[in-house]
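Colleague: One structure, as structure tokens, below. Some questions next.
The values are calculated or read from the model by the stated rules, or taken from the named source; none is laboratory data. Note that the coordinates shown come from a computational prediction; the quantities given were computed from them, not determined experimentally. All Cβ positions, even for glycine, are placed from backbone atoms using ideal geometry, and neighbour counts span all protein chains on display. Keep in mind that these areas ignore ligands, DNA and RNA; they rest on the heavy atoms of the full protein, side chains included. Shrake-Rupley method; radii C 1.70, N 1.55, O 1.52, S 1.80 Å.
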Amino acid sequence: MKRPLFAVSGLILAMSIFTSQAQAQVKWDLASAYPTSNFHSENLIQFANDVDKSTGGKLKITVHANASLFKATEIKRAVQGGQAQAGEIIEANYQNEWQIYGADGLPFLADSYEESAKLQAAQKPLIEKKLAEQGMLYLYSTPWPPQGLFSKKPITSASDLKGIKWRAYSPATARIADLVNAQPVTVQAAELSQALATGVVEATMTSSATGVDSKLFEHLKYYYDLQAWLPKNLVIVNKKSFDSLDKSSQDALLKAAASAEARGLAASKRVNQEAKDKLKANGIQIMPPSPQLTADMKKVGDTMLKEWLEKAGPDGKTLLDTYRR
Ligand code: PCA
């Protein structure tokens, strides 16, 4: 049967409207694990707003903070499988999968913002390559403020940590517990307040920022500002989702990511100071660690770096050589 010409052109018109509307409505979910008020989350929301604006509303990213879509340790898999088009992970959580992810979780390997930036520069090409093999894309990364020790009771040396219920958030923070003979229990940030309330945690190493987020002052009294490492969050995208965007949206996304990276670093530094002030105002005693505690923790760091190098193989050596160059 022969269709009248106008019907065919009408159909084409309808199809092209449908296609452009479909493009106008790309919606992504971005899974993250930290509370909405955390600086990483605020940065993600601004990133999503920037993308919305710069694509003229073509790409809408919804940020699902506080592990509301996927648990912290499930986010990477969810992005890989496309259950979420994008996500924010903490690299150190994935150390057991591939040691390179854990380099910024090692005590005293990179313990200032300056060294953290150098370590990131060395990690980035390796991680980008690994993510590409896994069907994902590296968007931007942001360091947490330096990690110190929160505790219920005063700690003057590692021997004071013996038997203590030690909250870990990563394989490396659990390993520290082993090495100081504490009892590790892994609890992600979203469940930390709850864990403290039920008494399963007496100490943890984390940032001033998480100290405020999780109101650690309600249960813990001391913060030893060890500045032992700066773990990084990393924002990733499913590669197929990225590839299905038009070129201008892809460019807009990458541009917004570059701005978010610069903004995130500045926020991390600023929040570190603000959070320490808030901890103090809420009754936490913030103190420099004793020389003995520092020496003990550095020894822990040395052991962990050795273990890490053995497991990380040639990739680990490449990373360290680049970092130390
Ligand atoms: N806060 C997160 C990870 C590192 C940090 O500073 C946490 O404690 O889970």
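Colleague: Can you run down the residue pairs with Cβ atoms below 6 Å, 6 or more apart or on separate chains, where the first is in region 269-296 and open to solvent by 40 Å² or more (accessible area, probe 1.4 Å) and the partner is of a type in the set (Ser, Thr, Tyr)?
Modeller: Qualifying pairs under 6 Å: GLN285/TYR222; ILE286/TYR223; MET287/TYR224; GLN292/SER157.
Colleague: Specify the residue that is most open to solvent (accessible area, probe 1.4 Å); the eligible residues are those in region 180-195 that are closer than 14 Å to HIS219 by Cα and within 12 Å of the ligand (Cβ to nearest atom).
Modeller: SER193
Colleague: Shifting gears a bit: What residue, among those in region 98-148 that are closer than 16 Å to ALA172 by Cβ, among the hydrophobic types (A, V, I, L, M, F, W, C) and touching a Lys or Arg at 6+ places or on another chain (Cβ under 8 Å), is nearest to the ligand (Cβ to nearest atom)? First the steps, then the outcome.
Modeller: First, the residues of region 98-148 that are closer than 16 Å to ALA172 by Cβ: 98-111, 116, 119, 123, 143-144, 146-148.
Okay, now just the ones that are also among the hydrophobic types (A, V, I, L, M, F, W, C), so 98, 100, 103, 106, 108-110, 119, 144.
Pick out the ones that are also touching a Lys or Arg at 6+ places or on another chain (Cβ under 8 Å) and you get 98, 100, 108, 110, 144.
Details: TRP98: 19, ILE100: 18, PHE108: 16, ALA110: 14, TRP144: 4 Å.
The extreme case among them is TRP144.
Colleague: Does region 74-97 contain any residue that is basic (Lys, Arg), under 17 Å from the mean Cα position of the chain (by Cα), surrounded by fewer than 18 Cβ atoms within 10 Å (Cβ to Cβ) and over 18 Å from SER170 (Cα atoms)?
Modeller: Going residue by residue through region 74-97, those that are basic (Lys, Arg) are 76-77.
Keeping just the survivors that are under 17 Å from the mean Cα position of the chain (by Cα) gives 76-77.
Next, from what is left, pick out any that are surrounded by fewer than 18 Cβ atoms within 10 Å (Cβ to Cβ): 77.
Filter again for over 18 Å from SER170 (Cα atoms), leaving none.
Looking through region 74-97, none of the residues is basic (Lys, Arg), under 17 Å from the mean Cα position of the chain (by Cα), surrounded by fewer than 18 Cβ atoms within 10 Å (Cβ to Cβ) and over 18 Å from SER170 (Cα atoms).
Colleague: Something else now. Under the condition of being touching a Lys or Arg at 6+ places or on another chain (Cβ under 9 Å) and assigned to a loop (DSSP other than H, G, I, E, B), which residue from region 196-221 is most open to solvent (accessible area, probe 1.4 Å)?
Modeller: For region 196-221, the residue satisfying everything is LYS221.
Colleague: Still on this structure, please answer the following. Which residues, counting only those in region 217-274, are within 16 Å of the ligand (Cβ to nearest atom) and farther than 29 Å from ILE286 by Cβ? If you could, list the steps in order and put the result at the bottom.
Modeller: First pass over region 217-274, keeping only residues within 16 Å of the ligand (Cβ to nearest atom): 217-220, 223-235, 264-265, 267-274.
Answer for region 217-274, where residues must be within 16 Å of the ligand (Cβ to nearest atom) and farther than 29 Å from ILE286 by Cβ: just VAL235.
Colleague: When residues of region 239-255 are filtered for being touching a residue at least 24 places away in the same chain (Cβ under 8 Å), surrounded by fewer than 23 Cβ atoms within 10 Å (Cβ to Cβ) and either in contact with a Cys (Cβ under 8 Å, 6 or more places away or on another chain) or not small (Gly, Ala, Ser) (or both), how many remain?
Modeller: Residues that pass the stated criteria total 7.
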